[in-house]
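The values are calculated or read from the model by the stated rules, or taken from the named source; none is laboratory data. What you are looking at is a predicted structure, and each value in this text was computed from that prediction instead of being measured. Cβ placement follows ideal geometry from the backbone for every residue including glycine, while neighbour counts extend to all protein chains displayed.
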Amino acid sequence: MPTVQEIRQASADGEPLTMLTAYDAPTAGIVDAAGIDVILVGDSMGNAVLGYDSTLPVTMEEVASHTGAVARATEDALVVADMPFLSYGTTDGEGVENAGRLIKEAGANAVKIESGPHTVGLTERLVDLGIPVMAHLGLTPQRLNEVGGYTRQGTTEDEAREIRELARRHEEAGAFSLVIEHVPDDLAAEVTADLDVPVIGIGAGPETDGQVLVLTDVIGLSESTPPFAEEFGDVRGEIADAVAAYRDAVEGGEFP
Ligand code: KIV
């Protein structure tokens with residue numbers, strides 16, 4: 001397992017970082033064996049595998065359980081667990097306890113927090129306690145009800161300035177890396193140039209230090225994908241074919 005320092009060093013050496021989500025042991029094992037640097041147990045599990053229509057209902061119990069499955073199946077990648085909506089931000093004590101639980105009980109190596117002015121102090125506190133933090137700026141889907149949709153962020157000069165400032169403040173607070181989601185390519189490039197820690201983009205262009213996508217989008221299992229995702233396989237079709245072949249074999253008396 002690489003340490004967060006090794007992830008920082010690899011990026012400083014100019015290696016593009018690869019990050020993918022995973023939510024269970026079999027897929028985490030495949031992602032890990034493929035040499036992906038960072039596995040994110042994202043709260044995107046809400047849409048991707050739990051049947052919710054947003055990330056908002058995802059609970060600490062769900063993230064902890066899925067993180068445990070991923071951590072048990074992962075030998076080489078850094079496992080980052082996402083802090084679900086309202087598991088932080090109410091009081092710093094609650095945020096510390098929930099982040100600690102994902103490290104101590106579930107086996108994550110770091111936590112990711114959808115960031116804002118309210119998470120600078122928490123990031124500092126967690127880092128002081130030895131809990132590595134990945135910050136997340138730009139489109140932060142836990143603010144769905146405030147933003148009104150999964151729209152591109154940082155498109156006005158004020159928004160872009162706020163993202164640049166928050167990125168710097170989270171680096172100063174000790175975050176070991178930053179995810180920047182669905183912002184203009186030039187803003188992501190500026191933030192990447194501005195920070196020493198690795199910036200990992202999603203829907204943020206080619207100029208970041210690494211890329212992250214949701215696994216079910218990449219393998220072609222999701223029913224719908226965001227505009228910036230790319231399908232590199234057709235697992236939905238493969239599953240449908242296998243299930244239909246099984247059904248036909250049983251109904252036709254060929255199996256068992
Ligand atoms: O929850 C998630 O999977 C994420 C990534 C899309 C960055 O936050």
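Here are the numbers for this structure:
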item	result
Checking Met83 against (1) closer than 22 Å to Ser44 by Cα; (2) over 20 Å from the mean Cα position of the chain (by Cα), the condition it does not meet	(2)
Checking Ala99 against (1) more than 13 Å from the ligand (Cβ to nearest atom); (2) assigned to a loop (DSSP other than H, G, I, E, B); (3) buried (at least 23 other Cβ atoms within 10 Å of the Cβ); (4) aliphatic (A, V, I, L, M), the condition it does not meet	(2)
For Phe255: the one exception among (1) within 24 Å of Val41 (Cβ to Cβ); (2) assigned to a loop (DSSP other than H, G, I, E, B); (3) modelled with pLDDT of 95 or more	(1)
Where a residue in region 150-163 is within 27 Å of Asp53 (Cα to Cα) and its partner, wherever it lies, is part of a helix (DSSP H, G or I), with Cβ under 6 Å and at least six apart	Gly154/Ala160; Gly154/Ile163; Gly154/Leu187
Region 189-216, residues that are free of Cβ contacts under 8 Å to residues at least 40 places away in the same chain and within 14 Å of the ligand (Cβ to nearest atom)	Val199, Gly201, Ile202, Thr208
Residues being surrounded by fewer than 18 Cβ atoms within 10 Å (Cβ to Cβ) and of a type outside the set (Phe, Trp, Tyr) - total across region 19-55	12
Count of region 102-134 residues which are within 23 Å of Arg169 (Cβ to Cβ), under 18 Å from the mean Cα position of the chain (by Cα), among the hydrophobic types (A, V, I, L, M, F, W, C) and in a loop (DSSP other than H, G, I, E, B)	1
Single residue of Asp92, Asp53 found to be without any contact (Cβ under 8 Å) to a residue 60 or more places away in the chain and either under 25 Å from Tyr150 (Cα atoms) or within 15 Å of the ligand (Cβ to nearest atom) (or both)	Asp53
Lone qualifier among Arg72, Arg152 - being modelled with pLDDT of 95 or more, in a loop (DSSP other than H, G, I, E, B) and of a type in the set (Lys, Arg)	Arg152
Residue among Glu97, Glu114 that alone is without any contact (Cβ under 8 Å) to a residue 40 or more places away in the chain and in contact with a Phe, Trp or Tyr (Cβ under 9 Å, 6 or more places away or on another chain)	Glu114
From the options Ala64, Ala34, residue that is out of contact with any strand residue (DSSP E or B) (no Cβ under 6 Å at 6 or more places or on another chain) and closer than 22 Å to Glu97 by Cα	Ala64
Condition broken by Glu223, with the remaining ones in (1) within 14 Å of the ligand (Cβ to nearest atom); (2) closer than 22 Å to Gln142 by Cβ satisfied	(1)
Unmet requirement for Gly46, which otherwise passes all of (1) assigned to a helix (DSSP H, G or I); (2) of a type outside the set (Val, Ile, Thr); (3) modelled with pLDDT of 95 or more; (4) farther than 18 Å from Ser222 by Cβ	(4)
Test set (1) closer than 19 Å to Val179 by Cα; (2) within 16 Å of the ligand (Cβ to nearest atom); (3) not small (Gly, Ala, Ser) - Glu124 fails condition number	(2)
Candidate set from region 11-26 (those that are outside any loop (DSSP other than H, G, I, E, B) and in contact with a Leu (Cβ under 7 Å, 6 or more places away or on another chain)); member that is nearest to the ligand (Cβ to nearest atom)	Thr21
Residue check, Val133 out of contact with any Pro (no Cβ under 9 Å at 6 or more places or on another chain) and away from the ligand (no atom under 16 Å from the Cβ)	no
